[in-house]
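The structure appears right after this line, and notes come after that.
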Amino acid sequence: MYCFFVEVLHQLKSKGDMRLWRHISSVTVLGIVCSSTLVFPAYASEETPSSSLEQLITDYAPEEIPMAETVMESGRFEAKIDRTEVAIDSGSSAKIEITDSSGTARLVPLPNKSLSEGKESSEGSVHYEVEDGTRLIAQPLQDASVRLSVAITDASQPQEFFYDLIPDGGSAEIVEEHVLIQDANEEIYGTVAAPWAVDSAGRPVRTTYEIRDNLVVQKVEHSSDNTYPVIADPLFKRGVISKVLKEKWSSKGGYEISFNVSLQARYWWTRVSNWEKIYKRGLDDLKEHYPRSMGKSTMHQQWKCHVYGLPATYTIDLEGWRKSKPNWARTEIPAAIKAAVKKKDLRAVARACNW
């Protein structure tokens, strides 16, 4: 039996404008490997600082969403965002759980690969070295979504990356480059945002999703023509609310809130039987995002009205100072439909929801 002591010093030094939160400190990792054979995992090159990889994500991610703060609890990095909890396993499985009012979503990135134990950066990213030489970077974000970035460090590394995101008995399909996931009861489960990949020179790298054996597969067509590392970045999100835009108190006597809905909500709208599901799930999301604003019945009524006109609605505004109208469906909608037909303006229905 031979025991080998391997000490690897990562000098993680910030470079340039880290924007908001990217300042990574030095970390020393002491690994002890005892084996009867000289076999070592082919983990990623230590030449690329973690801070540089995080800077690439910051500079080029389509969604500029800050990371959530995490704490270590029972072997997991945990973040609490409103009433949603995100937990990232610090062990070599990299399992992730997102728990909210509708239950728990369980994610396993790169289930077919061997990973090192996760190491947290000073601002909340969790880094894993992967046996094929790549690196996995998990980031809980302040809107309760989770980034699952892969850093590809040279042309010899894989072009396909697998993610176990679909629940048992569930299914997924690709709609407008996004992955829409439902559970075994055909309830809304989650969305994976449109894929993107970029090399360290800022040049886009062609990337697409596939669904294979109930796994989400991201294909990244990198080559020696690229400047490495290359970042490829799926973003998983639960819920109906896509982006929170504002919440403020109005001098008119109530809160005003503004938000966008997710692609999955628009997709489910096409199945008329799911309008009520979108309303209920969205109401839960709104209560999580706006617990102080959603107490008034008029806010619930306005939201339900917007659900009925969802395809013609882009930004949704709810105003707590408006009157409660329990019979809004019989009074506001017929007049709005008449106006929409007369003026050939489908958005007249959406505007009617802010009576």
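So, in the stretch 204-226, exactly how many residues are assigned to a loop (DSSP other than H, G, I, E, B), within 22 Å of S156 (Cβ to Cβ) and open to solvent by 60 Å² or more (accessible area, probe 1.4 Å)?
4
I'd like the residue in the stretch 257-274 that is over 17 Å from the mean Cα position of the chain (by Cα) and modelled with pLDDT of 85 or more and, out of all such residues, is surrounded by the fewest Cβ atoms within 10 Å (Cβ to Cβ).
Per the stated criteria, the residue is S258.
So which residues in the stretch 58-107 are without any contact (Cβ under 8 Å) to a residue 40 or more places away in the chain, under 23 Å from H289 (Cβ atoms) and part of a strand (DSSP E or B)? If you could, list the steps in order and put the result at the bottom.
Going through the stretch 58-107, the residues without any contact (Cβ under 8 Å) to a residue 40 or more places away in the chain turn out to be 64, 71, 73-76, 78, 80, 85, 87, 89-93, 95, 97, 99, 103-104.
Then drop every residue that is not under 23 Å from H289 (Cβ atoms), which leaves 64, 71, 78, 80, 85, 87, 97, 99, 103-104.
Hits for the stretch 58-107 are V71, E78, K80, E85, A87, E97, T99, G103, T104.
Of the residues K80, K95, which single one is at pLDDT 50 or above, open to solvent by 80 Å² or more (accessible area, probe 1.4 Å) and closer than 18 Å to L115 by Cβ?
Numbers: K80 fails: closer than 18 Å to L115 by Cβ.
Only one candidate passes the filter, namely K95.
Being among the hydrophobic types (A, V, I, L, M, F, W, C) and not in a strand (DSSP E or B) is the filter; apply it to the stretch 159-181 and report the residue that is nearest to A193 (Cα to Cα).
Let us first name the residues in the stretch 159-181 that are among the hydrophobic types (A, V, I, L, M, F, W, C), namely 161-162, 165-166, 172, 174-175, 179-181.
This time we only want the ones that are not in a strand (DSSP E or B), so: 165-166.
On the way: L165: 13, I166: 14 Å.
This residue is L165.
Give the stretch 227-256 a look and list any residue that's over 15 Å from the mean Cα position of the chain (by Cα), farther than 16 Å from R292 by Cβ and open to solvent by 40 Å² or more (accessible area, probe 1.4 Å), or say none.
T227, Y228, L245, S251, K252 - these are the residues of the stretch 227-256 that are over 15 Å from the mean Cα position of the chain (by Cα), farther than 16 Å from R292 by Cβ and open to solvent by 40 Å² or more (accessible area, probe 1.4 Å).
Go through the stretch 159-197 and report how many residues are open to solvent by 20 Å² or more (accessible area, probe 1.4 Å), on the phi < 0 side of the Ramachandran plot, in contact with a helix residue (DSSP H, G or I) (Cβ under 8 Å, 6 or more places away or on another chain) and not aliphatic (A, V, I, L, M).
Counting residues in the stretch 159-197 that are open to solvent by 20 Å² or more (accessible area, probe 1.4 Å), on the phi < 0 side of the Ramachandran plot, in contact with a helix residue (DSSP H, G or I) (Cβ under 8 Å, 6 or more places away or on another chain) and not aliphatic (A, V, I, L, M) gives 3.
The values are calculated or read from the model by the stated rules, or taken from the named source; none is laboratory data. These figures come from a predicted structure and were not determined experimentally. Methodologically, a virtual Cβ is constructed for each residue, glycine included, from the backbone with ideal geometry; neighbour enumeration extends over all protein chains shown. Keep in mind that these areas ignore ligands, DNA and RNA; they rest on the heavy atoms of the full protein, side chains included. Shrake-Rupley method; radii C 1.70, N 1.55, O 1.52, S 1.80 Å.
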